[in-house]
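Here the structure is laid out as structure tokens; the discussion comes afterwards.
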Amino acid sequence: GRLTDSKGRVVNFKNTIIILTSNIGSEFINQSGKIGFAAGGAAREREQNYEEAKSKIMDSLKSHFRPEFLNRLDDIIVFNPLSQQTIREIVEIQLRLVRERLSVKDIMIEVTPETVDYLAREGYSAEYGVRPLKRLIQSKILNQVAEFIIDRKLEHGGSLIVAMKNGAPV
């Protein structure tokens with residue numbers, strides 16, 4: 001394969017896999033609770049819930065996209081909602097990236113478990129998934145760290161602890 005853009009430029013797409021993600025129809029998953037293998041209950045009930053949710057999601061996709069586009073997709077996969085543990089793990093991954101960024105300036109940062117719980121709770125929405133998490137970490141942690149650095153309250157080789165105070169990270 002190859003891809004030609006609107007200006008006639010050609011890009012080699014041989015051996016390429018394109019993955020598209022969407023929250024279209026996510027309200028059906030949230031209404032039915034967990035589906036698939038992670039759900040409780042009998043296997044037949046789980047499979048039925050999965051098929052019902054997938055059917056409703058496919059109807060939503062058909063109302064948003066033309067049949068010509070959907071027909072070109074090899075597969076459509078419906079995922080379970082994220083568990084609280086999975087969201088916490090994503091928070092930890094994002095915080096590890098923050099630590100790596102700060103380590104360039106020899107700044108150590110520790111985040112309390114209560115703060116991780118807060119970020120996991122506030123950084124996830126059923127509608128947008130964990131996409132708001134990066135913005136939350138930016139506004140609640142990184143902006144404050146930047147202010148400390150600018151105000152010279154945090155110098156090269158310093159360390160800080162992010163903890164909860166009055167319901168917000170400080």
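The values are calculated or read from the model by the stated rules, or taken from the named source; none is laboratory data. Because the structure is predicted, anything quoted here is derived from the model rather than measured. So basically every Cβ, Gly included, is an ideal-geometry build from the backbone, and we count neighbours across all protein chains shown. Side chains included, ligands, DNA and RNA excluded: accessible areas come from the protein's heavy atoms. Shrake-Rupley method; radii C 1.70, N 1.55, O 1.52, S 1.80 Å.
Points to keep in mind about this one:
- Choice from 16, 115, 86 showing the highest fluctuation, given a GNM over the chain with Cα pairs closer than 10 Å: 16
- Evaluated at q = 0.19 Å⁻¹, a Debye calculation over the C-alpha positions of region 9-166 (equal weights, vacuum) places log10 I(q)/I(0) at -1.13.
- Note on region 106-170: Cα Rg divided by 2.2 N^0.38 Å, N the number of residues, gives 1.19.
- Kyte-Doolittle at least 0.0, axis length at least 20 Å by Cα - qualifying DSSP helices, the chain: none
- Restricting attention to the chain, the count of lysine pairs at 8 or more positions apart or across chains with alpha carbons under 18 Å apart stands at 6.
- GNM top mover of 90, 150, 137 - the chain, alpha-carbon springs below 10 Å: 150
- Candidates per chymotrypsin sites (Phe, Trp or Tyr not before Pro) in region 124-170, loop by DSSP, up to 13 other Cβ within 10 Å: 128
- Å² of accessible area per residue within the chain, as computed with a 1.4 Å probe and no ligands counted: 73
- Taking amide hydrogens as placed 1.01 Å from N in the peptide plane, the amide H of residue 111 sits under 5 Å from those of 162, each at least 5 positions away in sequence or on another chain.
- Mean residue ellipticity, 222 nm, helices only, the chain: the sum of -39500 (n - 2.57) across DSSP H runs of n ≥ 4, divided by residue count and rounded to 500, is -13500 deg cm²/dmol.
- Carbon plus sulfur fraction of accessible area for the chain, probe 1.4 Å, in percent: 52
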